[in-house]
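One structure is given below, encoded as structure tokens.
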Amino acid sequence: MKRKFSSAVLAALMALCLVLGTASFAVAESAAIPSELPRNETLYFAGQQWGSVVGWSIFMDSANNAMAIAEAASRRIPVNETLYMYNLLDGKVIPLLADGDYQWNDDQTEITVKINPAAHFSDGTPVKATDVAYTYDTHIKYQTANGVNFPEYIAEVSALDEYTVVFKAALNDSGAAKNPLEVVNQLLQIYIWPQSYIEKLEERNNYDAAAFKLDTAEDFIASGPYAGGFYADDQKVILARDDNYWGVAIFGSLPAPKYLAHNIYPDNPAGQVALAAGEVDVCQQFIADVQLLWEEQDLPISTYIDEPPYGICVSTPSAFYNFNNPILANNVAIRKAIALAVDYDQINANAMTYQSPTFVQSPRSLMIPTDGEQAMYDHEAVKDLQWIGNDIEGANKLLDEAGIVDTNGDGIRDIDGKNLSFNAVCPNGWTDWMASMEIVAAAGKGIGIEITTLFPEWSEVQNVFTDGTQTSYDIFMYAGDGAGPTYPWQRVRQRMSSEFIGRTGNWSGNWGQYSNPRADEIIQLIPSVTDPDELKALYTEAVEIYLTDVPSFALMYRPQLFYTVNESVWTGYPEQGDGYNIPPTDLTDGYGIAGLYHLELVNP
Amino acid sequence: MKTTFRQIFRQANFVIGFSIITLILLVITIYPLFNPGSPLQMIGQGTFFKPGTYVNIYDSLDTSKVYTLRLDDAAANRIGKKLLPADRETMRAWLIAFGLPEESVQIEYTDDLLQLWWNSYDENVRPQGMTSAARKAAARVDAKLAGLYNMESLTITQPDETTGEPAQKMTVSETDYVNVSDIANVRVLPLGTDNFGRDTLKELLAATATSLKIGLLAGCIATLVGLALGLFAGYVGGIVDDIIMFFANLFTVIPGFVLLILISYSIGQESRGATTVAVVIGFTSWVWTTRSVRAQVLSLRNRDHVNLSKLSGHSLIRILVTDILPYIASYVVMALILQICSGILSEAQLSMLGLGPKTTEVPTLGLMMFWGMQYTAHLNGAWWAYFPVIVMIALISFSLNLMNTGLDQVFNPQLRS
């Protein structure tokens, strides 16, 4: 009898363990979401969410929640909303929670923002100026990843009245705003949450910063169109539409899909197969030879533009020279020669499969190939400095003239009897980057410089190249830029500002440790210059310095987000020339979200 | 010895396997003589050019010999190549969405269809209920059809050397032909190009050579280590046997491939050349050779001739080499063949995971598969980038295994007929 009892207890315990074990798979769910989503009410994504969602709090350091919280120059706004949204097509800043444009005061030390009185959170409470001020204060109080930098730009955020917020810029010694561009940028970067909910979050974590930032906030309240409920496990993430969404007041209707769903795929090919099968509607992945999907396989798939480069390229992955290597630091001829010799057309053709404008179409500068940025420098003035690439003869001439020759006859040029030998590094598995580095290495062969590729894991690369004292990588690849209201200034700073020299854990810029006093001056000057001609002159000078000193060189232009859509279920996606001026930011980022309001069913 | 060889070469299995591997060796030796240059040279700008003959357009225009052929089906062929059945369907879909009655759109009659198309199509019109993909497909068809009926001669111009003005160089009429043998640059790419624009066949043969070398080196190392340890463990016995078998058992329970992955990862890519990878593979796959050699030696150690040798005071090494090794030599050769085969497979597996030899130096079969996968050749229908590699790996492993079976039938007393 006793034995029977104990075995019953054992069985019960095992059953309990089983139940607990199953429950420990991170399943989070906020509202009733049907177990089977109706296909014609759901928009499926791929390529944004990798791995399970960690949390839903905008204050978390790493929520790994790509559909709701994503760091980008154009913020992702289906769930949480910002005051303004960015349109990378024309560089315009468009009000979202805000009502009308922001206003600088005459001294350019304060920005006033009106809140849209129609705006309310998913629980129905209106968005007030105090919510905005409290959200900003919370970021600073708990030193979140966003908040640590605020004091550099913003001194205070306060509610003037119920619907008016004032942002006071941090001032320098002469009483001018330290960085007006960054103040504006914060209006587009910070998600707004209700003060009452944040206070609840603080209280339940006993005002402890570490606990507060780890709270997953699954009961969050936000103002976005898809803050109506969610489901997340290790297979998928689903967002439900808030049918009471306030944005009807500005967009004219609710967004078409009732659910946004993102299956979590193990890798790119899996997502690509799902896209081809019509299981995915919007795909944010690099697809090699994407045109084959419609040209060869006749699938109803298209990209923003129907011909190369198929998308809007706003990022410039570049090869950085490490100035901690004295040979690279002291010999501009070597830096320029390698850059001249690289066959960029081969990179475009083989690494990017033509998904990048060429350097003939958009000559190299510090700008991306959008009309707005291209107009910001004087093309004629820097014409003689720009290069197309694959210029082995020119590169050899440059090195010969600089007296860098092969003295010992082994085919490799040398300096002080030491052969020129460098490594070229990018993370393993980043296919198009790896192929680019192979092509850079091939360029070295033609000009008597030994370059070998090295593909360590990303976890290692990210620690080495962000360390300002590293000497392990000679030439390494990184992008880190995009399009936003602080660009192209931000890019100039990223490529040349000496403020980042020697820093460890440096994600901000100048990873090659380049220094030029005049470049620093220009970077200081640009944010407070408003006169367009003066601005253009400064940018042109920055481009001149960049192309003369070659601290790094762009290898390709690349979209910040890839955007390939399948029209099996939904149609009406943003496309070039459709007259709506909606950027191809996957219907989730910045003004790209407006695309959700134009979607229609193929078979209603 | 002669009899043994005769016996071996009478085995059909062995002969087939031997012929295949010899053929492969011959091809990888001879082909580079006819097609010299680096197999890693990126000749094609673009990914995965399909297999076929590539004729230089520039040279074909420059040829002094132009032939005129009046072929009846030339125009039809030209139209057929441009206006595929799928294009006709695309045209029909657009015309119906545009508002034409369904019965008026006949896609079988090329002339009628084209007339209807050219009369109706306007790229600025967005027919109701048509997806953007379908509209874009129609625009592409329209672009393709432009000038389809225009049989006027083409005029080739070249900037004048002195003035720089375009001057007429030649005209090409639709009945002009050139003989391929007259053209200076014609390149046959029997297996097209890979994602880097490299000649796949040339790369495949160079990769086979490298993989065979890796397999041979790995196999030799594994066999030598396994043989030495097996001989000592089996013959010496006692504590030596215990220690060796302890390690052998230890390595048996750790999956060899996991060990291989861990070691390759920790070596780091910079120092991971083809030789290093071969050595790593060799040193992680000696275990089963040790175990089986030991078992064989155990049955030999108490034979009379061994005891006699021992009584005569011969050294340990001499006994092992002259009294034991010859009896297991045939077995060792067979083990070597299998080890070579598994060495090649291991390299391919490692490279597929991105843990193979570094990519800049030499092509290997595994690296070809790796890059093919990275650039989704299997999803894009670029079979030439990965299928020949699979066939080559299969052929090598098939031929080696066949040779092994043949040898087995000669040397294994239980199978001997």
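Please treat every number below as a calculation from the coordinates, not as lab data. The structure presented is a predicted model; accordingly, all values stated were derived computationally and were not measured. Methodologically, a virtual Cβ is constructed for each residue, glycine included, from the backbone with ideal geometry; neighbour enumeration extends over all protein chains shown.
Loop sites here are chymotrypsin sites (Phe, Trp or Tyr not before Pro) outside DSSP states H, G, I, E and B with no more than 16 other Cβ atoms within 10 Å. The longest part of chain B free of them is B:150-417.
The alpha carbon centroids of the range A:453-519 and the range A:35-84 are separated by 28 Å. Shape annotation for the range A:303-443: C-alpha extents along the principal axes are 53, 39, 27 Å, from largest to smallest.
In summary, the lysines within cross-link reach of B:K65, defined as a Cα separation below 22 angstrom excluding same-chain residues under 8 places away, comprise B:K169.
Once you order the gyration tensor axes a ≥ b ≥ c over the Cα atoms, which shape class does the protein assembly as shown get: rounded for a/c under 1.5, otherwise prolate or oblate by comparing a/b with b/c? Prolate.
Could you grab the relative contact order for chain B? Cα pairs under 8 Å, six or more apart, rounded to a whole percent. Reported as a whole number, the value is 25 percent. Restricting the calculation to Cα atoms, the range A:400-443 shows an Rg/Rh of 1.15 when the hydrodynamic-style radius is the Kirkwood one.
Under 5 Å between amide hydrogens, built in the peptide plane, is the criterion, and for A:A169 it picks out A:E110, A:I111, A:A155 among residues at least 5 positions away or on other chains. Taking amide hydrogens as placed 1.01 Å from N in the peptide plane, the amide H of A:M85 sits under 5 Å from those of A:I94, A:L96, each at least 5 positions away in sequence or on another chain.
In this structure the amide hydrogen of A:V314, modeled in the peptide plane, comes within under 5 Å of the amide hydrogens of A:R558, A:Q560, none closer than 5 places in sequence on its chain.
Of the residues B:S38, B:I263, B:G52, the one whose Cα sits farthest toward the positive end of the charge dipole of chain B, with +1 on the Cβ of Lys and Arg and -1 on the Cβ of Asp and Glu, is B:I263. When restricted to Cα atoms, the range B:112-198 yields an Rg and a Dmax of 20.5, 57 Å, respectively.
Long hydrophobic helices in chain B: the complete DSSP H runs spanning 27 Å or more by Cα along their own axis with mean Kyte-Doolittle hydropathy of at least 1.0 are B:12-34, B:200-236, B:325-352, B:387-411. Taking the Cα centre of chain A as origin and assigning +1 to Lys and Arg Cβ atoms and -1 to Asp and Glu Cβ atoms, the resulting dipole is close to 1640 debye. For the range B:84-145, the Kirkwood radius over C-alpha pairs fed into Stokes-Einstein at 10 °C and 1.306 mPa s yields D = 138 µm² per second. Rounded is the label for the range A:313-559, because a/c, from the alpha-carbon gyration tensor with a ≥ b ≥ c as root eigenvalues, stays below 1.5. For the range A:292-371, a crude dipole built from +1 on the beta carbon of Lys and Arg and -1 on the beta carbon of Asp and Glu, taken about the Cα centre, is about 740 debye to the nearest 20. Remark: relative contact order (the range B:297-400) = 19 percent; criterion is Cα-Cα distance under 8 angstrom and separation of 6 or more residues. Among the listed pairs A:K128/A:K236; A:K236/B:K136; A:K128/A:K213, which have their C-alpha atoms separated by more than 26 angstrom in this model? Exceeds cut-off: A:K128/A:K236; A:K236/B:K136.
Annotation for B:A12 and A:A155: the two label points, set 7 Å from Cα along the Cα-Cβ direction, are 9.6 nm apart. A simple charge model with +1 on the Cβ of Lys and Arg, -1 on the Cβ of Asp and Glu and nothing else charged puts the dipole of the range B:84-145 at about 380 debye relative to its Cα centre. Per the Debye calculation on the range A:128-199 with a single equal scatterer at every Cα and no solvent contribution, log₁₀ I(q)/I(0) for q = 0.13, 0.20, 0.27 Å⁻¹ amounts to -0.35, -0.82, -1.31. Working note: Debye formula, equal point scatterers on the alpha-carbon atoms of the range A:307-347, no solvent; log10 I(q)/I(0) at q = 0.20, 0.24 Å⁻¹ is -0.76, -0.90. Since only B:N404, B:I20, A:F455 are under comparison, the one whose Cα sits farthest along the positive direction of the charge dipole of the protein assembly as shown, derived from C-beta charges on Lys, Arg, Asp and Glu, is B:N404.
Counting only residues at least eight positions apart within a chain, or on another chain, the aspartates and glutamates with an alpha carbon under 16 Å from that of A:K92 are A:D101, A:E182, A:D371, A:E373, A:D589.
Kindly flag which residue pairs out of A:K383/A:K445; B:K50/B:K202; A:K141/A:K200; A:K336/A:K445; A:K114/A:K168; B:K82/B:K144 have an alpha-carbon separation exceeding 18 Å in this structure. Pairs exceeding 18 Å: A:K383/A:K445. Size estimate for chain A follows the Kirkwood approach: the inverse of mean 1/r over distinct Cα pairs works out to 26.1 Å.
Its Cα gyration tensor gives the range A:238-395 an equivalent ellipsoid. The semi-axes, each the square root of 5 times an eigenvalue, are 40, 21, 17 Å from largest down.
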